[in-house]
Amino acid sequence: MQLIKTLTASTALLVVATGAAYADDHMASDMTLVSWGGAYQSSQTKAYAEPYMANNPGVSITWDESSNEAVAKLRAMNEANNVTWDLVDVVAADAMRLCDEGLAMEIDANEILAAAPDGTSAEDDFGDLLVSDCFIPQIVYSTTFGYREDMVPAGAPAPTDICALFDTETYPGMRSLEKRPINNMEWALLCDGVAKDEVYNVLETPEGQQQALDKLATIKDSVIWWSAGADTPQLLADGEVFMGSTYNGRLFSAIEEQDQPIAMLWDAQVFDLDGWIIPTGLPEDRLNRVLDFVKFATDTQRLADQAKYISYGPARFSSAPLVGKHAELGIDMAPHMPTDPENAKNTFLYNYEFWADYRDDIDAKFQAWLAQ
Amino acid sequence: MRQKMRALMLVAPLLIFVVVTFIVPILSMLFRSVENDIVANTIPGTVVALSEWDGSTSEPPHEDVYRNLYIDLFKAEEAKQHTRLGTRLNYEKTGLSSLFRTTGRSLDDIGELWQDPLEDIDPNFEEGSFWYEMMSGSGGEGFLEQRRALMATMSGEDMSGEVGFVPSAEIVDLLPWTASAYTDFALWAAIRDGDTVAEEDPWESVYGALGMDLTSPETISAINSYGGPGASALQAAAANIDQLPSFGFREAFVEEDEDWGAHDVWATIKLYSPNMTPGYFLNAVDMTLTPDGVESKPDNQQIYTTLFTRTLVMALIITASCILLGYPVAWLLANLPMRTASILMILVLLPFWTSLLVRTSAWKVLLQQQGVINEILVWLGFVNDADRLILMNNATGTVIAMTHILLPFMILPLYSVMKTIPPSYQRAAKSLGATNWTAFWRVYFPQSVPGIGAGSILVFILAIGYYITPEIVGGTDGVFISNRIAYHISSSLNWGLAAALGTILLVVVLGLYWCYDKIVGIDNVKLGG
C-alpha cells in the first residue's frame with residue numbers, strides 16, 4: 001500500500017515537473033553545463049550564466065566540472081543512451097574528436113550564433129577559429145611559460161627565449177612540463193635548430209620524433225611532469241621549479257591576483273581554442289534552451305565580458321575592442337592577452353590535423369621514453 | 001527443493017542486482033578487448049571484396065575494392081561513421097584518421113566527376129523524380145531488406161519503417177551498383193531524414209555507381225535491349241560513355257589522397273577486417289600484429305611489460321612496508337589497555353576517513369624539495385641546501401604515500417586477529433624457559449600469520465589497481481599500469497587497449513591469488529576472530 005502511494009506521488013511529481021519543463025515555449029528550465037572548474041568556470045558563470053539567469057528567471061543552471069574527461073564521459077553516456085549534459089566546454093582538439101565520433105552536433109554558425117553588432121555574420125566574426133563543424137569557439141588561450149624572477153641567477157639576463165628551457169647552465173633549476181608529447185616535442189625541435197615552419201614536417205618522421213625526444217632527454221632529469229593545469233603555478237609558487245609551462249590564464253592569476261614573483265615568457269607560446277559543443281540527440285525542449293543560451297553566451301558583449309575575469313582572448317574579432325579592465329583588480333586586461341601584439345611576436349598554432357593523426361603513435365613513444 | 005527455491009527467491013534481488021550492475025558491465029567492457037566489428041560493419045562490401053586481394057604481392061587491390069569502398073564510405077559519411085572507423089584504424093597505422101576524414105569530405109567531388117557528364121548527356125538525370133521512376137518497380141523487396149540490414153548495422157540506428165520505394169528486380173539485375181547506391185540513398189532519405197524519396201535528388205554516389213555499371217560491356221548491351229522506365233536516358237548514357245571519366249575509382253581515390261594507393265594502408269584494413277582481433281592484447285604486451293605475423297614492437301615503443309612488472313614489484317614493496325609498519329602498531333593496539341588502545345585506534349582510522357586526494361596532496365606538501373621534510377633536514381644540518389632529497393615525483397614518493405594510505409587495510413585485520421590470541425600462550429612459553437624473542441617468534445607470530453595474510457591480500461590487490469596517488473606523486477618512474485589504463489579510457493579513447501590491459505591485470509591478480517592459495521592456503525586468512 002505504502003509502495004503504491006509512493007509510486008503515485010512520484011508519478012504525479014514527474015508529471016508536474018514535465019509540465020513545468022514544457023511551460024516556456026518548449027524550453028527546458030534546467031540546463032547542465034560542463035566546464036573546467038576553477039577561475040575559468042567562474043569567469044563563465046559571471047559573464048554568461050548569471051546575466052542569462054537574470055534575463056530568464058526560472059531557469060536553473062547546473063555546472064559539472066568534467067571537461068577534462070568530457071570525451072570519454074560523453075561517449076559512455078551516448079552508449080548508455082542517456083546524455084545528461086546540455087552544453088560542454090572542450091578544447092578544439094576534443095571538439096574535433098567528438099565531431100568525428102558523431103557525439104557533437106554539427107552547427108551552422110550563421111544560423112545559431114548572433115551576428116556582430118555591426119552586422120558582420122557570425123561566421124566572419126569568428127573567422128578561422130571555427131575549426132570544426134561542431135565547435136563554437138569562446139576563447140583563445142595559450143600554453144606558455146612562467147619563470148621565477150627571483151631565481152634568475154645573478155648576472156644572467158632574464159630569459160626571453162623559449163630555449164632557456166633547455167639551457168640548464170645559465171638557468172639551473174627544475175622545469176615543469178606537461179606529461180604529454182604535444183607542445184613539448186615542438187619546443188624541443190625548435191630549440192634543436194629546426195625552423196618553425198619545418199617543425200611538423202620533421203615531427204612526421206620517426207627520426208624527427210627521436211630528435212625531439214633526444215633534445216628533451218638533455219633536461220629529463222630536471223623536469224617535473226604535470227598533468228593538471230594548476231600544478232605549474234603551484235610548483236612556481238613553492239619555488240620547486242625555476243620555469244614551467246601552463247595555460248596563460250593560470251599564470252596571470254598567480255602573478256596578478258596572488259602577487260607571486262613570477263614573470264611571463266611568451267616566446268613560442270602555443271595558441272589553442274576552447275569553446276562549446278552541443279551533444280547530439282538532445283530532446284527538443286533541452287535543445288531549444290541550449291540554443292537560446294548559446295546564442296546569448298557567445299555574442300560579442302558576453303565574450304568581451306569574460307575577459308574581465310580571466311586573461312583569455314575572446315574568440316570574436318568584434319569583441320577585441322570591448323575588452324576592458326579586470327573586474328576586481330582594475331588593471332588593463334589587453335596587455336595580458338595572449339593575442340596582444342607585444343606577447344604574440346613568436347607564436348605557434350596547435351596543429352589539430354597533425355595531432356589527430358600522430359597522437360597515438362607519438363604518445364606511445366613519449367610514454368615509453370618517460371618510463372625508461 | 002521448495003526450500004531451495006525459496007532461498008533462491010530470497011537472494012534473487014541481490015543476485016540480479018549484482019549480475020546486472022556489476023558482472024554484465026565488466027564482461028562487456030572486457031569483451032571490447034577482442035571486439036573489432038567496426039570495420040566489417042562500416043565498410044562491409046569493401047571487406048568482402050578485399051578478402052580476395054592477396055596482400056602478400058605488391059599488386060594493388062582490384063578496382064572492385066575501390067568501388068565498394070566508394071559506395072560504403074559514402075553512406076558511412078552520411079551517417080558520420082567513417083571518422084570512427086578512421087580513429088579505430090589509426091591505432092594500428094598512423095595517418096588513417098585523417099585519411100578517412102579528408103576523404104569523407106571529397107566523396108561528393110568524386111561523384112560529381114560522373115554526375116556532371118551524365119547530366120549533360122541527358123538532363124533527365126538531374127531530376128529526382130526521374131531517378132525514382134527509373135529505379136522503382138517490384139520484385140526488389142529482398143534487395144531492399146538486405147540493404148536496410150546493412151545500413152542498420154553500419155549506422156547503429158533503427159532503420160525500420162516505410163521507405164516508399166521498392167527497387168525493381170529488373171534494374172537490380174541490370175544496374176547492380178546503381179541499385180545499391182540508390183537504395184541506400186532511399187533508405188536514408190525516407191527513414192533518417194523523413195523525406196519523400198521521389199522528391200529528393202539522389203546522392204552523388206548514385207551517379208558514380210551508374211558510372212561503375214556502364215564500364216561493363218554486358219551491361220551496355222543489356223541496356224540497349226532494355227525497355228523499362230528511363231530506358232532512353234540509360235541508352236543515351238550507354239551510347240556516350242566516352243564522355244564519362246575514362247579512369248576508375250582507384251584513380252579517383254588516389255587522386256584525392258595518394259595513401260589510398262599505398263599497399264600498407266590496404267594491408268592494415270584487411271588485417272583488421274575480421275570481427276575479432278588479437279590486436280589489442282598483442283599491443284598490451286608490446287607486440288603488434290603485422291601482415292607478416294606477430295612482431296615485437298620497436299624498443300622505443302615498449303612500455304606495457306615494463307609497467308606490468310613495475311606495478312607488481314611496487315605493490316609487493318608497498319605490501320611489505322605495510323607489514324613492517326603495521327605489525328607493531330596492531331600489536332600495540334591489541335595489547336594496550338582498552339582506553340589507550342581506542343585513542344590509538346582513532347589515530348589509525350582518522351586518515352582512513354579523510355579523502356584520498358587530500359591525503360595525497362598533503363604528502364606533496366611534505367615530500368617536495370622545498371617541502372616540510374626537506375626544510376627540517378636542511379635546518380637540522382643533515383642535508384645540504386644544494387642537494388635536497390628527491391622524495392617525490394619518483395617511485396619513492398609513490399611507495400611512501402601509498403604505504404600510508406593503505407596502512408589501515410593492514411592494521412585492521414592484523415589487530416582483529418591479534419585480539420584473539422590469548423596472552424597466556426606467550427606467558428606459558430616464557431614460563432617454560434623461552435626467551436622473549438622465542439616466545440614471540442615461535443608462539444605469537446605463527447598465530448598472527450592469518451592476519452598478515454588477510455592484510456597482505458587486501459593491500460596488494462588495492463595497490464595494484466591504484467592510479468590517483470601514483471599520478472600525483474609518482475612522476476615518471478612511479479606510475480602504474482592503471483595510469484595507462486585510465487589514460488586510454490579517458491584521453492586516447494582506445495577502449496579496446498584499455499580493456500585488454502585491464503583483462504591482463506585481472507588475470508594476473510587471479511593467478512597470484514591462486515598461487516597464494518596453493519602456497520599459504522586461503523583458509524589461513526582471517527579478517528577477524
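Overview of values
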read-out: Counting all C-alpha pairs of the stretch A:254-372, share separated by more than 18 Å (%); value: 68 percent
read-out: Volume in Å³ per residue [convex hull over Cα atoms, computed for the stretch B:242-296]; value: 104 Å³
read-out: Förster-model FRET efficiency, 60 Å R0, B:Leu344 and A:Asp214, C-beta, rounded to 0.05; value: 0.65
read-out: Evaluated over the stretch B:42-275, the Cα radius of gyration and Dmax, each in Å; value: 17.4, 51
read-out: Local electrostatic count at A:Asp267 - Lys and Arg +1, Asp and Glu -1, tallied over other residues with Cβ under 15 Å; value: -2
read-out: Dipole in debye (nearest 20) - the stretch B:304-524, about Cα centre, beta carbon charges: Lys, Arg +1; Asp, Glu -1; value: 580 debye
read-out: Computed Rg/Rh of the stretch B:386-469, alpha carbon atoms with Kirkwood Rh; value: 1.19
read-out: Antiparallel bridge percentage (DSSP; both residues within chain A; nearest 5); value: 60 percent
read-out: Sorted largest first, extent of chain A alpha carbons per principal axis (Å); value: 78, 45, 44
read-out: ³J(HN,Hα), Karplus 6.51/-1.76/1.60, whole Hz, each residue of the stretch B:188-198, x for Gly, Pro; value: 5, 5, 6, 8, 7, 8, x, 9, 8, 4, 4
read-out: Gyration tensor (alpha-carbon) shape descriptor, the stretch B:457-502, a/c threshold 1.5; value: oblate
read-out: Alpha-carbon gyration tensor eigenvalues x 5, square-rooted, for chain B, Å; value: 70, 27, 19
read-out: Binned Cα-Cα distances of the stretch A:87-228, short to long, each 5 Å bin given as a whole percent; value: 2, 8, 14, 14, 14, 13, 11, 10, 8, 5, 2, 0
read-out: Dimensions in Å of the stretch B:23-114 - Rg and Dmax from alpha carbons; value: 15.1, 53
read-out: For the protein assembly as shown, with +1 on Lys and Arg beta carbons and -1 on Asp and Glu, the positive-most of A:Ser35, A:Ala327, B:Ser456 along the dipole; value: B:Ser456
read-out: Kirkwood hydrodynamic radius over Cα pairs of the stretch B:209-357, then Stokes diffusion coefficient at 37 °C and 0.692 mPa s, in µm²/s; value: 138 µm²/s
read-out: Nearby lysines by direct alpha-carbon distance to B:Lys297 (threshold 22 angstrom, same-chain neighbours under 8 apart not counted); value: A:Lys365, B:Lys93, B:Lys270
read-out: Calculated Rg and Dmax of the protein assembly as shown using C-alpha coordinates, Å; value: 32.7, 116
read-out: Estimated dipole of the protein assembly as shown in Debye, rounded to 20 [Cβ of Lys and Arg +1, of Asp and Glu -1, Cα centre]; value: 7900 debye
read-out: Cα pair distances of the stretch B:68-150 binned at 5 Å [whole percent]; value: 3, 12, 15, 16, 18, 16, 10, 6, 4, 0
read-out: Helical contribution to [θ] at 222 nm, DSSP H n ≥ 4, -39,500 (n - 2.57), averaged over chain B, rounded to 500; value: -20500 deg cm²/dmol
read-out: Projected area averaged over orientations for the stretch A:207-246, convex hull of C-alpha atoms, nm²; value: 3.2 nm²
read-out: Sequence-distant residues sharing a close amide H with A:Ser176 (under 5 Å, placed H); value: A:Ile224, A:Met243, A:Gly244, A:Ser245
read-out: Shape category assigned to the stretch B:274-422 from the gyration tensor of Cα positions, a/c cut at 1.5; value: oblate
read-out: Convex hull volume per residue for the stretch B:304-524, taking Cα atoms only, in Å³; value: 160 Å³
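Just so you know, all these numbers are worked out from the coordinates, no wet-lab data involved. Computed from a predicted model, the values in this text were never measured in an experiment. A quick note on method: Cβ atoms are made from the backbone with ideal geometry, for glycine too, and the neighbour counts reach across all protein chains shown.
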